[in-house]
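Enquirer: The structure is given below, and queries will be raised subsequently.
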Amino acid sequence: MIANTLFGYIVIAMVLFSIGLLGVISRKNIFVIYMSIELMLNAVNLLFVALGTYHNDMGGHVMAMLVIAIAAAEAGVFLSLIIVLYRRKKSLDSDMFRTLSQKEAV
Amino acid sequence: MLWTHLGYLLPLIIVASGAVLLMLLSPVERFSMERFSLFTFVILLLALGVDIVYFGKLFTAFPMEGLFSKMLIVDSYSVYFDALILSGALVTSLIGTHYFQIKRHFKKEFFSLFLFSVFGMMLLVHANELLTAFIALEIASLSLYVMIGFQKIHDKRVEASYQYLVLGSISGTFFLLGSALIYAGLGTTILGDLGKALDGLMGKDVSLIVIGATFILVTFLFKISAFPFQNWTIDVYDGSPLPVTAFMAATFKVAIFGFILRLMLIDLDPIRDIWDTLFVVVILATLLYGTFLAIIQESLKRMLAASSIVHTGYLLIAFVSIGYAGESASSSIIFYLVAYFLSAMGAFGLISYIAADEHVRVTYEDFRGFAHVHPYMAAMLSVFMLSLAGIPSTIGFVGKFYIFTGAIEAGYTFLAVCGIIATFISIYYYFKLIALMYFYPACEKEGTMIPTLSGITPITIGVIAIAVIWGGIGNTFIAYFPGVDFLIDTARLSYMSLFIK
Amino acid sequence: MSIGILSIIIFLPMVVALALMVAPFSSRITRNAAFGVSLTIFALALYIYTHFELTGTIQFKEFYPWIKSYGISYSLGIDGFSLIILMLIATLIPSAYLLLWNNARSKSYWISMLFIQSGISGTLFSLDLFLFYFFWEAMLLPVFMIIGLFGSGNRVFSTLKITIYTIMGSLFMFVSILYLGVAHYYEFGVWSFALSDLVNITTIAREQKIFLFFGFMLAFAIKIPLFPFHSWLLQTYSNSPTGGVFLLSSIMAKLGVYALVRFMIPLFPDLFAQFSIYFVALGIFGLVYFGIAAICQMNIKKMFAYSSASHLGFITAGVFALNVQGMMGSAFLIVAHAIATGGLFLLVGVMERHLGIRSLSGLGGIATKAPWFTLFFAIMLFCTVGIPGTNGFVAELLIVLGIFHYNPYLGVLSALTVLVAASYMFWVFQKAVLVKSDNDVSNMKDLSLYEILGLLPLAVLIIAMGVYPDLFLYKIEPTLQHYLIDILHVGVK
Amino acid sequence: MMDILFLLLGSFAILGAVGMVSFHQPVHSALSLILTIIALAGLFALLSASFLFMVQIIIYAGAILTLFIFIIMFLNVKEANLPKEPTKNITLFLGSLALLPFNFLILRAFYQMPLHVKVLEQDFGKIKPLGMELFTQWLLPFELISILLLVALIGAVVLGRKDEV
């Protein structure tokens, strides 16, 4: 009967969100950081869909769709920025991109 | 009916279509940067002109309710904030002119993105639904990310853009999670309905909504760079092109406060006192840490970035006290936003004017003896510093007066005292600059090319400087020209419009 | 809308200064204009003096609303106490200008002086606490400029120090003012920051009132400076240019005492009476402490700085003595001391300019080279010490009497310390001026005509007030009685 | 049946997510993420969100993540250019411990939430009601999304092109 209660979905969504958060905090690879953010967005999506279904409200589904679109928009900017960064630094290490605070600002 | 509603939306429509138009024009080679700049200016001016028509009237409307349901709201409040955002953008475009001319890199799409971000900010203030607000926030933020990283020849630009993007996206997911929780608890995300649903839940367990709203507040605190989320501020502000920094520091903050005030004051009003302790802690930490950061900075740009954190602290003081103080305190936050907006805009603008040349490093030391070479610029910079420090005869002083009065009125005398302590420490880092400019003999270093005063940028900055002083002393008894009282009255009016049901 | 005479006194220097700032005039013209302005103000002050009625009320009122939504108004007025200070400033500033006549060659010096004069007058006339604070802070900026631009030594550091120090004090006063305003709003439902309204507040609890009291007190104590808040004093005085020291010691410090009497007595009469013993003691302690510190100094400027602080401690003690003698004596000593120290600092400035030394051991034997200098120096010094025949004597006598009334032990103590304090001044005078030494003082020139003209009125005032004190006392007495009624009334209740 | 499917999909989703954060190579991470996304799509289907099920597979797994893997391949990142993360596993472990109370709090709040499970309509989650909802109630956000995508488009163009200066 788990499949028919909202709570199971919520647990999955929260676990996914937490794993995404974990990836953002503890990984240095910018690809993985980005994918973690995507994962967090997906977790929120699952939440929206599950809530929509259980509220009997299509709004939740629409919101999930909108979030997918937002994720796509962020993906565009993110990926192009990753390409630029990789070209300049030849590295995927996010620590490499935090030189601002160390060097004297121009 | 349709036409009035169209009229309400006209500023938004003008800005959006201007942005699209600029985007379409951007591949045209024969248009110069100046053309684009001018075009941007005209569009913003047009939008502001339309906005002014509704300024100072008390009303609330859901334009095109049949079409857009209640996702969008236009009231005196949003009109007021629109005017602020638009004038911020106008000023940015004016003070940026010189910088963009020198750098020769900001052209074409840059202005389109700029208008898009203005559009996003305005939309944020008009948004009456959580997800719409988030999309508006994303439009504004995404354009800002790209604007920061626009000049790819600099490592630090791209780095700043990257940092802001990553942290902004993470905070964005929290906003979405928060919305999801609120949606779970209340079954709706439309702002007006939230309050009603919340009222119905009174007496029951609302921890879900509290957690959800806390997540939204996290995003909000991140964007205004309050305490636990302030780390990005200095680096990102430092890495951005100066006009963009000014735009972020002043205008974006206005827009964010615009949204969050609406959310907190109206919809989450029944449970707002839950966060009071949290806010008090955040304020204290923000003031403390921001002050500390500001003191240790060598570069002027970084100091201004750090001091913007301190000003966030002051704004938050006003934010917590609004609910408990009387009606008079309500406008304090709006007034302080204006005050900070003017002073920061002027300071960043002037520094961007001075430092437009690639090789000028803007540290404190570079301003040694500055006043003897450029007396007028030094005087203007001093005015902005005095205003940021809150010295009488500037608008910053009146702003601080409102904030602290409001805090005392709300019973937060303790916070007011903390704000005062932060203020007098801030005298150190602001006056240091004035002292350096005036009290040392001029030393013209080789290779520094500081432009002379000419063109539109210095005029704009001069006008801002006069406005800063006028805001501090001006009143109807000197001349029949809108002064402090006018600002307060309209701010109060806009605040009142929030409560029209 | 007519502009009142007080507004003219406030804004004339400011407007002239703004005009001069923009106009490409030389420093000579600027100086002449500044002098002209100061003379005009003197004339206006005389007009006020002659038309001032002998009641304890506030006269020459002006009122315009400023920030209506908070009930803040631009309201001015003077009573007997402010009148005395006004006369003092109006006399001292032209004198100071004459002494700086050929000395200060920079345009910005004179412009700053004009701004300061505006700020001082504004502080003096304000009846609205917000307005008062406004001028009180704004006054600081030109001082900041004068010390920073024309000071010597580690001037930038000392400028920052005095600025942060004084702003710190006044910001706490600011919170207190805001608190009073809010309390008024809660009690009466309307916003107001006018003194006459704020005194009606009854709802503030005692504990909070004590905080407010000390919020005000801190600002004034720093400005005066009272004993534990004097750490800015020495460095600032020794690094400031002559004009800056003159302003700080003989005008700004007195404004601190003035504000103490003017605002704190009506606002907190009960606390004023209750805490008076501590402040009298603190004042006398300052008198002793700074007196000793002054004896230990070899640098003349620093020595006068300490002696000035010592006198201000005495003045404060007189104010807190809660009787008409003490308060009158304080008012009198404010005037006497302002004239004398102002004159002394200006003379030291002259000496410093000619000889370039400021140490006591480097001076000596000036008397033969510069008789006029010696004469004025002697008069000023006698006044500071309180020799009979000078106004200093009258003032100190009154204060000692007042303190004696208040508390006989403290009275005796203060009488003794005054005597001790007198001795070191003589010692200075002897060492610096009279005694011949083997130092080369050949560069010392006597006072120029301008300088003599500037000092003459001061010297005349010192003697005149010493011989016929009633001439000045009768204008101020009703006001002081008024203040005392405030305190005693509450004390009885 | 539903329960087994739910548990299966849920564990796949979590497994993929765990793999995503813990793999060293970005390609492996991306492939794990695809697993999660597809499992999520299955969960959407279980929630009778049939249209979103398609969208998730076609757009997310099909477009966004394919693009992603393409870029990873395109950049051809060498082992030497990958960041060294010697303490990765430890921080992951510690971080997950730290996040436990956070999760507990939210789940507790959910648990106490009054749930009104309603009977779903016949065509709930199908493309038609979704479209109706989208173009009536949610028209404005939908239009705004187009502007957001436009901004992202410009951003990608601006950031991606070679600098001529």
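Enquirer: Just to check your reading of the model, which residue among D:72, D:106, D:57, D:64 is over 19 Å from residue A:64 (Cα atoms), crowded, with 17+ Cβ neighbours inside 10 Å, assigned by TED's automatic domain parsing to the domain that holds residue D:26 and of a type in the set (Val, Ile, Thr)?
Expert: Being over 19 Å from residue A:64 (Cα atoms), crowded, with 17+ Cβ neighbours inside 10 Å, assigned by TED's automatic domain parsing to the domain that holds residue D:26 and of a type in the set (Val, Ile, Thr) holds for just one of D:72, D:106, D:57, D:64, which is D:72.
Enquirer: Could you say whether any residue in region A:10-22 is over 16 Å from residue D:106 (Cβ atoms) and in contact (Cβ under 8 Å) with a residue 12 or more places away in the chain? Give the derivation first.
Expert: First, the residues of region A:10-22 that are over 16 Å from residue D:106 (Cβ atoms): none.
No: zero hits.
Enquirer: I need the full set of residues from region B:64-100 which are in a helix (DSSP H, G or I) and within 14 Å of chain D (Cβ to nearest Cβ), in order please.
Expert: B:65, B:66, B:67, B:68, B:100
Enquirer: Another question about this same structure. In region C:1-34, what count of residues is obtained for those that are more than 27 Å from residue C:131 (Cα to Cα), hydrophobic (A, V, I, L, M, F, W, C) and surrounded by 14 or more Cβ atoms within 10 Å (Cβ to Cβ)?
Expert: Total satisfying the criteria: 3.
Enquirer: Given B:99, B:80, which one is at pLDDT 85 or above and within 23 Å of the chain's Cα centre (by Cα)?
Expert: B:80
Enquirer: Next up: Does any residue in region D:2-23 that is over 16 Å from residue A:10 (Cα atoms) and not assigned by TED's automatic domain parsing to the domain that holds residue D:38 come within less than 7 Å, Cβ to Cβ, of a residue that is among the polar types (S, T, N, Q) and assigned to a helix (DSSP H, G or I) six or more places away or on a different chain, and which pairs are these?
Expert: none
Enquirer: Run residue B:262 past the list (1) surrounded by fewer than 22 Cβ atoms within 10 Å (Cβ to Cβ); (2) at pLDDT 85 or above; (3) within 30 Å of residue B:126 (Cβ to Cβ) and report the number of the one that doesn't hold.
Expert: Going through (1) surrounded by fewer than 22 Cβ atoms within 10 Å (Cβ to Cβ); (2) at pLDDT 85 or above; (3) within 30 Å of residue B:126 (Cβ to Cβ) one by one, residue B:262 breaks only (1).
Enquirer: Within region B:141-164, can one find any residue that is crowded, with 24+ Cβ neighbours inside 10 Å, more than 10 Å from chain D (Cβ to nearest Cβ) and more than 28 Å from residue A:92 (Cβ to Cβ)?
Expert: Within region B:141-164, not a single residue is crowded, with 24+ Cβ neighbours inside 10 Å, more than 10 Å from chain D (Cβ to nearest Cβ) and more than 28 Å from residue A:92 (Cβ to Cβ).
Enquirer: Just name the residue that is surrounded by the most Cβ atoms within 10 Å (Cβ to Cβ) out of those in region A:44-59 that are of a type in the set (Val, Ile, Thr) and facing chain D (nearest Cβ under 7 Å). Outline the logic, then answer.
Expert: Step one: filter region A:44-59 for residues of a type in the set (Val, Ile, Thr), giving A:44, A:49, A:53.
Applying the additional criterion that residues be facing chain D (nearest Cβ under 7 Å) yields A:49, A:53.
Values: A:49: 29, A:53: 24.
The residue in question is A:49.
Enquirer: Which condition breaks for residue D:121 when tested against (1) surrounded by 13 or more Cβ atoms within 10 Å (Cβ to Cβ); (2) more than 7 Å from chain A (Cβ to nearest Cβ); (3) within 30 Å of residue B:72 (Cβ to Cβ)?
Expert: (1)
Enquirer: Can you spot a residue in region B:274-288 that is surrounded by fewer than 18 Cβ atoms within 10 Å (Cβ to Cβ) and assigned to a loop (DSSP other than H, G, I, E, B)?
Expert: No, the conditions are met nowhere in region B:274-288.
Enquirer: If I go through region C:202-227 residue by residue, how many of them are surrounded by fewer than 21 Cβ atoms within 10 Å (Cβ to Cβ) and in a loop (DSSP other than H, G, I, E, B)?
Expert: The number of residues fulfilling the criteria is 4.
Enquirer: Please go through region C:146-182 and give me each residue that is surrounded by 24 or more Cβ atoms within 10 Å (Cβ to Cβ), farther than 25 Å from residue C:67 by Cα and at the interface with chain B (Cβ under 7 Å from one of its Cβ atoms), ordered by number.
Expert: Residues satisfying the conditions are C:148, C:159, C:163.
Enquirer: Report the residue count in region B:181-208 for those that are touching a residue at least 40 places away in the same chain (Cβ under 8 Å) and either assigned to a loop (DSSP other than H, G, I, E, B) or under 30 Å from residue B:249 (Cα atoms) (or both).
Expert: The number of residues fulfilling the criteria is 7.
Enquirer: State all residues of region C:56-110 that are in a loop (DSSP other than H, G, I, E, B), buried (at least 20 other Cβ atoms within 10 Å of the Cβ) and away from chain B (no Cβ under 14 Å); if no residue qualifies, say none.
Expert: C:79, C:100, C:104
Enquirer: Consider residue B:8 against the criteria (1) within 11 Å of chain D (Cβ to nearest Cβ); (2) touching a strand residue (DSSP E or B) at 6+ places or on another chain (Cβ under 9 Å); (3) assigned to a helix (DSSP H, G or I): it satisfies all of them except one. Which criterion is unmet?
Expert: (1)
Enquirer: Here is a check on your reading of the model: is residue C:234 of a type outside the set (D, E, K, R) and modelled with pLDDT under 80? Full working, then the answer.
Expert: Working: of a type outside the set (D, E, K, R): yes; modelled with pLDDT under 80: yes.
Yes, satisfied.
The values are calculated or read from the model by the stated rules, or taken from the named source; none is laboratory data. The model shown is predicted, which means the values in this text are computed figures rather than measured ones. Here Cβ is always computed from backbone atoms with ideal geometry, including for glycine, and neighbour counts include all displayed protein chains.
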